[in-house]
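Working notes, structure below.
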Amino acid sequence: MDRREKLFQKIGEGIGILWGAELPNTPTRFNQAPDLYYLCGLEDPNAILLVVGNTKEVIFFSKKATERDLRWNGPTAWTIPSIKTSHGIDQLRPYEDFWEVLAQKCGPETTIYLPLDPIDKIDKARDEVYHTEFQLLKHPIKNTPFWRKAVSTIREVFPLASLQNINPLLDELRQIKTPYEIEQLKMSGKIGIEGVEEAIKDTKPGLYEYELEAITSFHYTKMGARGAAFAPIVASGPMTYTIHYEANNRKLEKDDYVLMDYGCNYNYYTSDITRVWPVSGKFTMEEEKMYQCILDARNAIITSMKPGVSFGELRAIAYEVYKKNGYTDKKLSWDGYIGHFIGISVHDVGNPDDSCILKAGMVFNVEPVLDDPIKKRHMRLEDTVLITEQGAINLTEGVSAELPAIYKLMKQKGLTGN
């Protein structure tokens, strides 16, 4: 409820409108739109949330559940008897009431805050959703995303209203995590790294990449995660050079190394971890040099993270590590890429450009990368880091990523007894 109070302060006498995620057309678990879930914690598909600035009311619109709905799909917002107390909802209304209620609350020249950008998803940032929509625009028929239709309709109904983008207001709130959010991210990170480590322990020549995925997924589910935060990447051998490889169907060979990029969704808070390890139990000298370089870059970045430090400074620190190891061409480290914000969405809100300054409460995924375009090798490490007033805390440290610790971990017995 504190989050909504902060939003009320930002919109003043205006009205805020948010819409929930649509039901997926594939048999996957439904995940609510991050912004709507952030403000009310309700999971009804296709919901609409109305926040009224002058009365401080919160009104939730969703499909009124029938007995058949409840029998097939289970509880909804309509089955929560104390929804005002538990979720801070002043009114629960069916879809059919939306325009009538909005007309009652909205004067002809009211400022309406609503998403003027795509809705981000648990596994996709807004810019990634934009990219998908640009492809959709090429389709001759199905080329208008829902949110664009919604904005257009509200403009038609309230032509004198001033429509403002609510996304920057919510982004500012979402960037600084609350104590509750930090606890969820800690647990998500703990479960995430443990699952990846189980895969490391079970690795041996002859296994398939999907078996390592299954081992990690089993641990996530066993520990109470809602499931994967995104499609897992389990790449071996030449497939490591494919950045978002998702086939995961290659058999491991003794001279390969594995790159796993995976994480879980725990109570809507995500982890995103990348580890690299040799199938045989030991890297070659060239591989060790490459691995040690990104490890040193990771450690240097995390050690330097504290409030007041800019991402430009962190990029410069990472580049000094690359340069010291002989990797002077910035293209090999993706022109200074060092990671992304994380939270309800894997690629959470916030733009870590050079001028962006770290603040206490931010959570950032440190992700140094290194390419060898000649031998078609790619390595990266990825950890979730919480910024505190005292410095940085690695939420996905687990067993250390230092080489002796990785080699030792590979000798331990895994879930399948390997």
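The values are calculated or read from the model by the stated rules, or taken from the named source; none is laboratory data. Note that this is a predicted model, so its numbers are computed, not measured. Here the Cβ positions follow ideal geometry from the backbone for every residue, glycine too, while neighbour counts run over all protein chains shown. The protein model used for the area step is the full one, side chains on, heavy atoms only, and it has no ligands, DNA or RNA in it. Shrake-Rupley method; radii C 1.70, N 1.55, O 1.52, S 1.80 Å.
In the condition set (1) closer than 26 Å to residue 374 by Cα; (2) outside any helix (DSSP H, G or I); (3) small (Gly, Ala, Ser), residue 308 is compliant with all but (1).
Restricting region 77-88 to residues that are touching a helix residue (DSSP H, G or I) at 6+ places or on another chain (Cβ under 8 Å) and in a loop (DSSP other than H, G, I, E, B), the residue that is least open to solvent (accessible area, probe 1.4 Å) is 88.
Yes/no per residue for (1) touching a helix residue (DSSP H, G or I) at 6+ places or on another chain (Cβ under 8 Å); (2) assigned to a helix (DSSP H, G or I); (3) within 28 Å of residue 343 (Cα to Cα):
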residue: 104; (1), (2), (3): no, yes, no
residue: 113; (1), (2), (3): yes, no, yes
residue: 118; (1), (2), (3): yes, no, yes
residue: 129; (1), (2), (3): no, yes, yes
residue: 132; (1), (2), (3): no, yes, yes
residue: 152; (1), (2), (3): no, yes, no
residue: 155; (1), (2), (3): no, yes, no
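Candidates are the residues of region 158-209 that are of a type in the set (Ser, Thr, Tyr) and not in a helix (DSSP H, G or I); the one that is least open to solvent (accessible area, probe 1.4 Å) is 203.
Of the residues in region 263-273, at least one is aliphatic (A, V, I, L, M), closer than 30 Å to residue 42 by Cα and either touching a residue at least 24 places away in the same chain (Cβ under 8 Å) or in contact with a Phe, Trp or Tyr (Cβ under 9 Å, 6 or more places away or on another chain) (or both). Condition check: farther than 27 Å from residue 393 by Cβ, within 25 Å of the chain's Cα centre (by Cα), open to solvent by less than 10 Å² (accessible area, probe 1.4 Å) and of a type in the set (Gly, Ala, Ser). Does residue 236 satisfy that? Yes, satisfied. If you go through region 320-348 and keep only what is touching a residue at least 24 places away in the same chain (Cβ under 8 Å), open to solvent by less than 60 Å² (accessible area, probe 1.4 Å), not hydrophobic (A, V, I, L, M, F, W, C) and not in a strand (DSSP E or B), you end up with 322, 325, 327, 333, 343, 345, 347, 348.
None of 261, 255 is under 20 Å from residue 410 (Cα atoms) and open to solvent by less than 60 Å² (accessible area, probe 1.4 Å) except 261. When each of 17, 11 is tested for being farther than 19 Å from residue 175 by Cβ and either in contact (Cβ under 8 Å) with a residue 40 or more places away in the chain or surrounded by 20 or more Cβ atoms within 10 Å (Cβ to Cβ) (or both), the lone residue that passes is 17. Of all residues in region 26-61, those satisfying the criterion of being more than 15 Å from residue 88 (Cβ to Cβ) and surrounded by fewer than 16 Cβ atoms within 10 Å (Cβ to Cβ) are 26, 27, 28, 29, 30, 46, 54.
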